[in-house]
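One structure is given here, and the rest of the page talks about it.
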Amino acid sequence: MGISHWNGNSPVRKRGFKRLSSLFAVILAVFMVLPLSLQFTSQPANAETVDHKPKLFQMMAYNDRIDTNNDELRYDFVLRLAHGDFDPFCVPNGSYDDGSKCRLFFAYQYWGTTSPSDYVSVRYLNTMTTGNVSGTTGAIQWAANKDQYFTVHKVINSGDYDYLAISVEADVNFADNLGQLNSVGNSYTSDSGYAPGGITQVERVYAILTKTAGPASLACGWGSWNGVGECGNMPTDQFDENGAAKYGSAINNIMYGVDLLRKPDGSYYTYQLYQQRCADPGNQTTHYCNGPVAFIGWDGYPLLWSQNQANWGLVTDFGFDRASFGWNWNAANSIGFYNDGKTEYAIPPGVAPANSFFVYWYNSANDTAYTTQQPDGTWASWMSMSNCSRNASFYYQWLGLKNNKWVPVDSLTPHAVRVDQNPVTNDSGNEGNFSMASSAFNSITALSGNGGLANRPNRLFLDRSTSPAQGYTLDTAGGKVTVNDGSINFAKAKEDQGLDGYFKLVTWPITTNQPDATKPATDPANSDDSLLQGCMASLNTTYKGSNAAQRIQQAKAAQNPLYDQPDGAKGITDSMSQDQINDVISKGWTIDTAFYRYDVPRPQDPTINSIGGKAIGKDNPVAYSSTLSPVVSGTCTPGNRVTLFGEDPAHPIKDTGTNPDPDNRDTAGVNLGETICGSDGTWSITDANTAYGGQSPAVPPNADGGTRRYHAWQTELSTSYDMTSGFTNIAKAVFQTKPEQAPTVDAVSVPHTKRDESIGTTALPQGSQVKVSGTVSPAYLKNPSDSLSRDSTLTVTMTPSGGAGFNRESTLAVSAQGTFTTGGARSSSPAVMSGSTLTVTRPSASQPWKWSLTMEPSVFLANMDGSESSQTYQFQAFLTNQAGTASPRGAQTFLVDMTPTETTITKANSHQVSGKAYIAGHGNIPERDASLKVTWPDGSTDTATTDASGSWNVRAPAGLSSGDVSVTLTDTAGNESGRFERHIGLVPPVQRLPFTGGGPRLILLIVAAIILALTACLAIWVRQRRGFGRLVS
């Protein structure tokens, strides 16, 4: 096919034309230029390890067998570039690079080995899109392409590298016969040049990366070439290390040029060249042929729905709708949209329309008379041969990648499918015309303009009941409708089998002898099986000489490559190894390919499961760190390299919004370090908090009260491609590295027992509570800009000095979570102790928070053993930040006395009332300094205070009458006792004697009587004393 649509000044090429000598102006070269490998200006943090040379990661498919009469280049591959070296949106969707917009292009040998310095460029056509913008326009533009362009289906970021899934379509003009090949120094013979399976050729293709997205130039002859169109003499050593110095100013804005098809071991991806004719060594019974050929297709041959080359690298990611076709109305009218008579429905994403793909086999041994040029340059006449010259049938199979390994697409073709086509005669290279009549399409009906072909049996169309990915289902106004027009639902195939999203059709020939025209078609000798066996048998006698055995095996593989496989299991099966699969693929021809949301399998994402030893997970993505240099840890694949990144706030991780993309390399952040995953599948890296300042511009380091989000990836080291996983879960550290200020404990409010005067008993007032209060001034506060709880925890403890119910070293803790809200107030969560409530309020934003802890009296009464120590408590308050660091403690000691006093009344008479006070319930413990009130029978009162032993005494008032005396007490804490009562009964008064007159006289008489009695007793004692003395002497 001719080269067209050039944007340069190169001549238009036509197939079969002799190459015209190109004239170049002699330009004096300037040799003092910078080396090609100038430093890239926008480097990631670890740029010193990044290789900016384009590198072929994977060749997925290419037409490695080429018919010289229908020679085209087709490639699908994955190219590795340093991240950011290529912007797929350098031109809009559906637009072409004119040579000044994009940084990547390709250059290939247009004439192959016959003119190895003649290169043609392949420029970019954008089929990608962003956001909710439809990409259908670009997909249609690519399907309608017939010129030298490449497209990028997907840019897959993997760490420091981007992996580009690329399709290339280009015209090429290899030598049409051995005479042309031998004219440039080859020495092919009839045996070697027409060897079964073709002759091996090397095609040079260069991936060229510019430094910037702008005009560039390469050395070309004595001048330069802008990389658009054709260069008749492009020296490839300009891409060597010293190329810039050698070619000077002819080279401009070129970073690298890489020999794309050169493998790491130095070998190449090669082509098998099939001559369009067979050799005639001089007799009509023995012919040497390269073998049957599968038509690659070019331009509008055969006529697919796009009117051009839809069959290679078809983009199905976006679906197809009529509005996106724009100028290409012929394609729109032929695509076959479903229409229910009212509405035309778009073809959904993942579906390849009918008439997207084809297969057409023909055989150069089956031809009408013509003349052909022999290896010696002479021309000889030719007659069609009968042996192995008929290709009326073939096998085909859809294969897909799953985890980067080839598998049958089970929902389409779990094994190779046989198709019987209409055999054609190869009429002097007019395969394009015949392909319309004899190609098998993925369509039920023939295309318009090909009347009479509607009933042809050769279709790439399968039974939906056994191939569920054939056709698709629509939701219409009338309900669900199955469209079974031959379209292929790659989306379903991918989903059903978990495929990567790349599909290719491989086809293998079935070659037979020509039928015996002297016998009926129904004769067993003319059966397909007999004709096939006849072909295979004839090959045993076709080849002579020392290499005959090798040639026979080659011929059998070229004519009937699946001959030895059992029926019902032809092609690729699930039970095959990858080596076996690759061997069977290599014997076939790859004609059709398609993409649907392709992704390169990468290492499994690692995880982050702790920061500073604190667990991190899906439900708890935040950890609070007491250090600015936390250790981040997680899981990984042993032997892989793990790299930890800290978020750059100026370029935050894109994990939210309308188009979240957390794996975006542009928001990776700052490289904090690397480590090799341990054999136990774990990793740990310390954020030393030193890398941030080394960025340009500098990234703020970790700071107290601030945050940092972390994520990591892992890179496999088992190959040289540095495949990197996606990022881990995002883990957030909140830095709280300082203790809070100590709260204060200011006061305690204790309820006291009160006496019910109506009944004389005492009790705590209903609803009584003990209340401790103070102030707190937290520094770590909730930030209104995010949802994180930075609140510290207030803990109030109380420790009694004594008491049987407590361990002196323990505390009763009441905690309040989430109580500190900037500028506001909030009550605490439920307290730890039953019946207790911790409350924090803030009068105003300029004042500290005030806290109070209310508790049920029973908490204290249960500890009461009667001693003062059991009622004396030290109350402490402290703040614990989220990182677990406790503040200093504020503390105060208070007496919590809610126990009333009781008393005994040991004496109650007309002269006095006395007794002993003690603590209620503890009769052995006196109550000192209690205020005492005695109420006499006449209602008068007296007061007293208990002494240190709890004793008290009150003299009765004069003239006391009999009756009940009551005693009440109030202890120093204010607890009121009950009312204690005793009855006082008085003795009647003594009357005056008859002879006395009573009154004061009576008293005098009594005194006199006492004196007389004492005098008498004294006299008796004296007498006894004297007598004793005498006895002693």
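The values are calculated or read from the model by the stated rules, or taken from the named source; none is laboratory data. Since we're looking at a predicted model, the values are computed, not measured. Virtual Cβ from ideal backbone geometry, glycine too; neighbours counted across all protein chains shown.
Miscellaneous remarks
- Being under 22 Å from the mean Cα position of the chain (by Cα) and at positive phi is a property that holds for R597.
- Under the condition of being at pLDDT below 75, touching a strand residue (DSSP E or B) at 6+ places or on another chain (Cβ under 8 Å) and under 21 Å from Y188 (Cβ atoms), the residues counted in the range 342-380 number 9.
- Which listed residue is out of contact with any Pro (no Cβ under 7 Å at 6 or more places or on another chain), assigned to a helix (DSSP H, G or I), small (G, A, S) and in contact (Cβ under 8 Å) with a residue 12 or more places away in the chain, from G534, G545: G534
- Residues within the range 82-130 that are without any contact (Cβ under 8 Å) to a residue 40 or more places away in the chain and among the aromatic types (F, W, Y), tallied: 1
- Here the condition is being touching a helix residue (DSSP H, G or I) at 6+ places or on another chain (Cβ under 8 Å), under 25 Å from S217 (Cα atoms), among the aliphatic types (A, V, I, L, M) and outside the structural domain of F357 (by the TED database); of L164, L125, it holds for L125 alone.
- Leading residue by the ranking (nearest to V584 (Cα to Cα)) among those in the range 509-531 that are surrounded by 12 or more Cβ atoms within 10 Å (Cβ to Cβ) and in contact with a Pro (Cβ under 7 Å, 6 or more places away or on another chain): P509
- Qualifying residue in the range 144-157 (condition: among the small types (G, A, S), outside the structural domain of G726 (by the TED database) and under 30 Å from D666 (Cβ atoms)): no
- Lone qualifier among K544, K654 - being within 30 Å of T151 (Cβ to Cβ) and basic (K, R): K654
- Total residues in the range 690-718, condition more than 23 Å from the chain's Cα centre (by Cα) and within 29 Å of C677 (Cβ to Cβ): 9
- Among residues of the range 686-741, those that are under 30 Å from R889 (Cβ atoms), at pLDDT below 95 and either in contact with a Cys (Cβ under 7 Å, 6 or more places away or on another chain) or of a type in the set (G, A, S) (or both), counted: 2
- Some residue of the range 155-166 being surrounded by fewer than 24 Cβ atoms within 10 Å (Cβ to Cβ) and of a type in the set (S, T, N, Q): yes
- Any hit, the range 228-250, residues being closer than 28 Å to S720 by Cβ, crowded, with 18+ Cβ neighbours inside 10 Å and small (G, A, S): yes
- Output for the range 759-776, where each listed residue is surrounded by 13 or more Cβ atoms within 10 Å (Cβ to Cβ), part of a loop (DSSP other than H, G, I, E, B) and modelled with pLDDT under 90: G760
- Among the residues here, L1004 does not qualify as farther than 30 Å from L764 by Cβ, surrounded by 12 or more Cβ atoms within 10 Å (Cβ to Cβ) and either touching an Asp or Glu at 6+ places or on another chain (Cβ under 8 Å) or modelled with pLDDT under 75 (or both).
- For the range 633-653, the condition of being in contact with a His (Cβ under 8 Å, 6 or more places away or on another chain), surrounded by fewer than 17 Cβ atoms within 10 Å (Cβ to Cβ) and in contact (Cβ under 8 Å) with a residue 40 or more places away in the chain holds for none of the residues.
- Taking every residue in the range 725-744 that is more than 18 Å from T797 (Cα to Cα) and pairing it with any residue that is in a loop (DSSP other than H, G, I, E, B) and aromatic (F, W, Y), at least 6 positions away or on another chain, the pairs with Cβ-Cβ distances below 8 Å are Q736/Y780.
- Check on H922, under 27 Å from V770 (Cα atoms) and modelled with pLDDT under 90: yes
- Screening the range 949-964 for residues that are at pLDDT 95 or above and hydrophobic (A, V, I, L, M, F, W, C) and picking the one that is nearest to L895 (Cα to Cα) gives W952.
- Boolean, V670 is in the same structural domain as T719 (by the TED database), touching a helix residue (DSSP H, G or I) at 6+ places or on another chain (Cβ under 7 Å), within 17 Å of D687 (Cα to Cα) and among the β-branched types (V, I, T): yes
- Qualifying residue in the range 103-119 (condition: more than 30 Å from S183 (Cβ to Cβ), among the β-branched types (V, I, T) and surrounded by fewer than 21 Cβ atoms within 10 Å (Cβ to Cβ)): no
- Residues in the range 746-780 that are closer than 20 Å to A891 by Cβ and either of a type in the set (K, R) or more than 60 Å from the chain's Cα centre (by Cα) (or both): K771 only.
- Residue ID - surrounded by the most Cβ atoms within 10 Å (Cβ to Cβ), chosen from residues in the range 594-616 that are touching a residue at least 60 places away in the same chain (Cβ under 8 Å) and polar (S, T, N, Q): T607
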